[in-house]
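A.B. asks: Take this structure, written in structure tokens, and hold onto it; I'll ask about it next.
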Amino acid sequence: MTISPPRASLLPLPLDHEAAPPRLHVITWGCQMNVYDSARMADVMAVAGFARADAPADADLVILNTCHIRDRAAEKVFSELGRLRLVQQARAAAGQRMMIAVAGCVAQAEGAELRARAPWVDIVLGPQTYHRLPDMVARARAGEHVIETDFPPEDKFDFLPEAAAPQTAGGLTAFLTIQEGCDKFCSFCVVPYTRGAETSRPAAAVLAEARRLVASGAREITLLGQNVNAWHGTAPDGATWGMGRLVRELAELPGLKRIRYTTSHPRDMDDDLISAHRDVPALMPFLHLPVQSGADRILAAMNRKHTAADYLRLVDKLRAARPDLALSSDFIVGHPGETDADFADTMALIRDVGFAQAFSFKYSARPGTPAAGRGEQVDSDVGDARLQELQALLRDQQAAFNRACQGLTLNVLFTGPGRQPGQIGGRSPYLQPVHLVGDAGLIGTEVPVTITAASPTSMTGTIEKERACA
Ligand code: SAM
Ligand code: SF4
């Protein structure tokens, strides 16, 4: 991979005070991929000389990295833009300029409309163009209203500087985007329009980034993609690898203790990846596998291309490969056409599978998606009632799953201080938060913990070594 830092002539000069470096503040909404993208935009701007600002009031450039998946997510962006306008005006009154850039999926979907609604925005950039950010900042500084929402011919990853550091949990856990976009066109979803067609990063680029993350302290890497298990990367020898092979290669990296991936589509869960769950101890026994609905009529209307029975068969296969696998999912209630009987099928599927945790949403009509134009929209109150019923069941299942962990000894990767003073905190293999009184020197290590108590959302326990010594 060729990494070309932005051309020097394009780098923006300090915006206000020529001596101090200009400062950047990034606000992120949405999925883990946006968290990753925000970190990479900060990397690009660091090369261009920008230091970090902790608050918008201290920033010469504020980037809003946005999410368009549901109506409410998009509306939050406009509320924040209203607040930022006041900060921008206050800075202007003090003789300091503050530029505002809107990035991510709202920017991609709204483009010029966004600037029409919020003319104080300087830059609108889509998720595929953030490697060009320094150039955009230079142009905006010269007075241009920059809108870059095309899908450029070049691959942004070829132009990004190396990822600076793991992004989360004290640098011990890191996200690594390996796949972007989606060709599946579910009826309700904006992703194929905002993120474009499915693309996979080459295996060598993924492995090189993983090596750098581990060298800078990451002990856990979560591979990311809108459809992560659709990843098919070109291998160094020209062959094509699937996710199963990639996971096996990553597991060989010394120092990398845990591998996760999200989000997967049931149709892309191939046998090699399933067998990696059996064969690779570093691949954590926790899988986020969205099903959306348990009713075949609705799954067909959603264009999911799998039935409820397909999903249940897949879960059986996965559990045969890895019996302690814990599952998580996404559900949408109130998709156009969903009847009480369809909703009952979804509840039945949830009871059949038994989820360790899950995300659930009321259907939100997204302009331009096929479902938004359909008749048979479900009454909003009916959607609310179904969501409450479904979430109550999922909460019970999560609590039951955590309770069932009491008495088990689970490896916990400690990543920082716990909730209470004197505690350290981390995550179990099943992604449950674990907090206990322990030596801060254990942060950064994976330690066997016997779980002694569990609440619906977290657990505590005794560190095995201490118990053995006691
Ligand atoms: N690629 C993943 C998959 O196929 O399951 C999903 C990615 S999407 C960013 C995350 C979740 O948002 C979806 O699984 C779905 O449950 C939810 N979602 C997407 N569009 C939605 C909409 N229009 N209304 C409500 N929820 C939606
Ligand atoms: Fe959206 Fe996922 Fe469907 Fe793609 S597979 S359209 S990202 S819900």
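The values are calculated or read from the model by the stated rules, or taken from the named source; none is laboratory data. Remember, it's a predicted structure, so these values are computed and weren't measured experimentally. Positions of Cβ are generated from backbone atoms using ideal geometry, with glycine treated the same way; all protein chains shown enter the neighbour counts. All accessible areas refer to the heavy atoms of the entire protein, side chains included, with ligands and DNA or RNA removed. Shrake-Rupley method; radii C 1.70, N 1.55, O 1.52, S 1.80 Å.
A.B. asks: Can you work out the accessible area per residue across the chain, with the rest of the protein chains kept in place, probe 1.4 Å, in square angstrom?
C.D. replies: So the chain comes to 41 Å² accessible per residue, rounded to a whole number.
A.B. asks: With all protein chains present, calculate the accessible area of Arg419 using a 1.4 Å probe and round the result to the nearest 10 Å².
C.D. replies: So the heavy atoms of Arg419 present about 150 Å² to solvent.
A.B. asks: Short version: ³J(HN,Hα) in whole Hz for each residue of the range 245-256, in order, from phi by Karplus 6.51 cos²θ - 1.76 cosθ + 1.60 (θ = phi - 60°), x for Gly and Pro, what are they?
C.D. replies: With the stated coefficients, the range 245-256 comes to 5, 4, 4, 4, 5, 4, 5, 7, 5, x, x, 8 Hz.
A.B. asks: Moving on to the next point. Let me make sure I get this right: for the range 95-194, a, b and c are the square roots of the gyration tensor eigenvalues over alpha carbons, sorted descending. Under 1.5 in a/c it's rounded, otherwise prolate if a/b > b/c, else oblate. Which is it?
C.D. replies: Cα axes put the range 95-194 in the oblate bin.
A.B. asks: Rank Cys31, Cys67 by accessible area, highest first, at a 1.4 Å probe radius?
C.D. replies: These residues rank, largest area first, as Cys31, Cys67.
A.B. asks: With charges set only on the Cβ (+1 for Lys and Arg, -1 for Asp and Glu), what does the dipole of the range 172-220 come to about its Cα centre, in debye to the nearest 20? If you can, show how the numbers build up before the last one.
C.D. replies: Values: 6 positive and 5 negative charges, 32 e Å.
Using Cβ point charges on Lys, Arg, Asp and Glu, the range 172-220 gives about 160 debye.
A.B. asks: Here is a further query. Where the only charges are on Cβ atoms (+1 Lys, Arg; -1 Asp, Glu), what is the dipole of the chain about its Cα centre, to the nearest 20 debye? Numbers along the way, then the final one.
C.D. replies: Details: 48 positive and 54 negative charges, 140 e Å.
The calculation lands at about 680 debye.
A.B. asks: Oh, and also: Considering only protein heavy atoms, with the full assembly of protein chains and a 1.4 angstrom probe, order Phe355, Phe175, Phe401 by accessible area, largest first.
C.D. replies: Working: Phe355 5, Phe175 30, Phe401 50 Å².
Most to least solvent-accessible, the answer reads Phe401, Phe175, Phe355.
A.B. asks: Now a separate question. Hey, what did the chain get for relative contact order, percent, Cα under 8 Å, at least 6 apart?
C.D. replies: Numbers: 964 pairs, mean separation 46.1, N = 470.
Relative contact order here is 10 percent.
A.B. asks: Please work out how much length the chain gains when fully extended from Lys317 to Ala399, using 0.36 nm per residue of separation minus the C-alpha to C-alpha distance, in nm with one decimal. Spell out each step's value before the answer.
C.D. replies: Numbers: separation 82, 0.36 × 82 = 29.52 nm, distance 2.48 nm.
Here the answer is 27.0 nm.
A.B. asks: Quick one: net charge of Gly196's neighbours, Cβ under 11 Å, K/R +1, D/E -1?
C.D. replies: On the way: positive: Arg195; negative: Asp150, Glu180, Asp183, Glu198.
Once positives and negatives cancel, what remains is -3.
A.B. asks: Rounded, prolate or oblate: which fits the range 356-467 when a ≥ b ≥ c are the square roots of the eigenvalues of the alpha-carbon gyration tensor, with rounded for a/c under 1.5 and prolate only if a/b beats b/c?
C.D. replies: On the way: a/c = 3.76, a/b = 2.60, b/c = 1.44.
It comes out prolate by the Cα gyration axes.
A.B. asks: Using a 1.4 angstrom probe on the protein heavy atoms only, line up Lys362, Lys76 by accessible area, largest first.
C.D. replies: Lys76, Lys362
A.B. asks: Something else now. Which of the GluC sites (Glu not before Pro) across the range 362-464 are loop residues per DSSP, with 13 or fewer other Cβ within 10 Å? Present the calculation step by step, with values, prior to reporting the outcome.
C.D. replies: Working: sites: Glu376, Glu389, Glu446, Glu464; in loops: Glu376.
Here the GluC sites (Glu not before Pro) that fit, given the DSSP loop and packing criteria, are Glu376.
A.B. asks: Now for a different question. Would you calculate the separation in nanometres between label points at Thr234 and Ala73, each defined as 7 Å from the Cα along the Cα-to-beta-carbon direction?
C.D. replies: 3.1
A.B. asks: Another question, then. Rounded to the nearest Å, what's the spacing between the alpha carbon centres of the range 311-329 and the range 272-296? Just the number, please.
C.D. replies: 6
A.B. asks: Okay, moving on. Just from its helices, what would the mean residue ellipticity at 222 nm be for the chain, if runs of 4 or more DSSP H residues each count -39500 (n - 2.57) and the sum is divided by every residue, rounded to the nearest 500 deg cm²/dmol?
C.D. replies: Working: 14 runs with 161 residues, N = 470.
So the helix-based figure for the chain works out to -10500 deg cm²/dmol.
A.B. asks: Under the rule a/c < 1.5 gives rounded, and otherwise a/b versus b/c splits prolate from oblate, where does the range 163-243 land using the Cα gyration tensor?
C.D. replies: On the way: a/c = 2.95, a/b = 1.41, b/c = 2.09.
Taking the square roots of the gyration eigenvalues as a ≥ b ≥ c, the range 163-243 is oblate.
A.B. asks: In whole Å, what is the distance between the alpha-carbon centres of the range 367-394 and the range 25-100?
C.D. replies: 32
A.B. asks: Keeping all protein chains in the complex and leaving out DNA, RNA and ligands, what accessible area do you get for Leu431 with a 1.4 Å probe, in Å² to the nearest 10?
C.D. replies: 50
A.B. asks: Note the count of lysine pairs whose C-alpha atoms are less than 23 angstrom apart in the chain, limited to pairs 8 or more residues apart or on different chains.
C.D. replies: On the way: Lys76/Lys362; Lys156/Lys184; Lys184/Lys305; Lys184/Lys362; Lys257/Lys465; Lys305/Lys317; Lys305/Lys362.
Lysine pair count for the chain: 7.
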